[in-house]
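Presented below is the structure to which this report refers.
Read-outs: derived from the displayed coordinates by stated rules, not from any lab. What you see is a predicted model, and the numbers here were worked out from it, not measured in a lab. In this analysis, Cβ positions are derived from the backbone assuming ideal geometry, glycine residues included, and neighbour counts consider all displayed protein chains.
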Amino acid sequence: MNNNKPPLIVLVGPTAVGKTAASLAIARQFGCEIISGDSMQVYRGMDIGTAKLPLAEREGIPHHLIDIKDPSEPFSAADFQTACEQAIRDIQRRGNIPFIVGGTGLYVESVCYGFKFQPTGGDPAFREAMQALADSEGAEALHGRLAAVDPFTAAKLHPNDVRRVIRALEIRETTGAPASEQLGEARGDRKESPYNLVLLGFHMERARLYARIEERVDAMLAAGLLDEVRGLLAAGLPSSAVSMQALGYKEMAAYLECRLSYEDAVSLLKRDTRRFAKRQLSWFRHMQDLIWIDADEDSKNSKLLQSIYAIIAGKLKISLQ
């Protein structure tokens with residue numbers, strides 16, 4: 001490893017696995033500033049459903065890329081990469097270590113390995129045609145079209161993730177190259193990080209993770225998730241907005257618009273969150289430098305934290321006090 005590269009610590013893992021509590025301890029130990037690697041925590045007013053850590057609970061540790069956009073504004077992986085790289089430079093200038101914590105795989109990986117996103121203005125007519133195809137022939141047919149021209153990207157996307165499937169097709173249509181080629185994935189090349197990278201991933205036994213997910217959803221509902229979604233809709237944010245497709249918001253909006261019963265909305269939210277966690281783990285498993293940490297123990301457990309500290313110190317050549 002080239003230790004002349006600037007250090008970057010990253011902690012990924014599925015939702016509800018315990019990243020937040022551990023991240024505060026790690027940040028204190030190594031003098032880090034935390035950068036949210038979550039695609040939805042960028043939105044103001046979307047707090048409960050995105051599991052934002054309240055300001056009072058951040059223990060004075062700076063957190064970045066939280067509450068930087070209105071829910072009506074678009075925010076892409078390329079936007080995240082640009083904003084995150086700027087935050088990293090600012091943190092480095094202050095003499096601190098940047099620490100990305102989150103579960104949005106593409107966003108985090110794009111920074112870890114400097115993915116090159118080809119700029120494109122997009123093709124609205126093409127998007128509309130692909131949406132019409134999905135509506136008439138089904139999401140599976142649309143996904144099959146992507147698999148034919150970009151099997152690598154198709155393998156990472158669920159057929160029901162119509163928006164991202166259309167986006168990948170649009171990239172292929174407008175640039176002539178598959179999205180996976182832009183990200184250096186198609187040839188299976190080993191990606192080189194511009195950082196002295198410490199990439200950690202939390203995992204735990206599936207039944208325990210699913211139980212934690214159920215508990216988290218119940219806690220969000222008790223904390224006022226429904227009222228949060230009601231407020232966003234009342235402020236004029238349409239339920240079709242990209243931000244409102246986030247877990248919790250989509251299901252509660254369906255209830256408020258009388259498209260689902262409350263019981264069905266909650267059941268769907270729990271099911272979709274379990275499926276989301278499974279997709280997150282599938283993405284993380286292909287990340288080449290990931291060091292897996294068994295988080296079945298409480299993430300505040302001293303023994304677990306000491307083992308994490310030792311990994312980071314070893315990678316960054318830092319002496320533990």
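Structural remarks
- Anisotropy class of region 130-271 from Cα gyration tensor, a/c 1.5 cut: oblate
- Cα gyration tensor category, rounded, prolate or oblate, for region 213-271 with a/c compared to 1.5: prolate
- Rounded Å value of the spacing that divides the Cα centres of region 130-149 and region 1-39: 37 Å
- Low-density loop positions, trypsin sites (Lys or Arg not before Pro), region 196-288 - DSSP coil, at most 14 other Cβ in 10 Å: R259
- Read-out semi-axes √(5λ) of the Cα gyration tensor in Å, derived from the coordinates shown; its label in (i) 26, 24, 20; (ii) 31, 26, 18; (iii) 46, 22, 18: (ii)
- Listed peptides 240-247, 67-74, 51-58 appear in the order 240-247, 67-74, 51-58 once ranked by packing, highest mean of other Cβ atoms within 10 Å at the front.
- Cut-off under 5 Å, modelled amide H: who pairs with I293 long-range: G201, F202, H203
- The mean sequence separation of alpha-carbon pairs under 8 Å and at least six residues apart, normalised by the residue count of region 124-182, gives a relative contact order of 31 percent.
- The dipole here belongs to region 124-182: it is taken about the Cα centre, uses +1 on the Cβ of Lys and Arg and -1 on the Cβ of Asp and Glu, and is about 160 debye.
- A Cβ-based charge dipole, computed about the Cα centre of the chain with Lys and Arg at +1 and Asp and Glu at -1, lands at about 940 debye.
- Residues whose placed amide H lies under 5 Å from that of E33, excluding near-sequence neighbours: I97, F99
- Dipole-positive endmost among W292, L53, S36 within the chain (Cβ charges, Cα centre): W292
- When the Cα positions of Y107, N196, V149 are compared along the charge dipole of the chain, N196 comes out farthest toward the positive end, with charges on each C-beta of Lys, Arg, Asp and Glu.
- Region 124-182 shape via C-alpha gyration tensor axes, a/c threshold 1.5: oblate
- Applying a threshold of 26 Å to the alpha-carbon distances of K52/K191; K19/K270; K69/K315; K19/K317 flags K52/K191; K69/K315 as lying beyond it.
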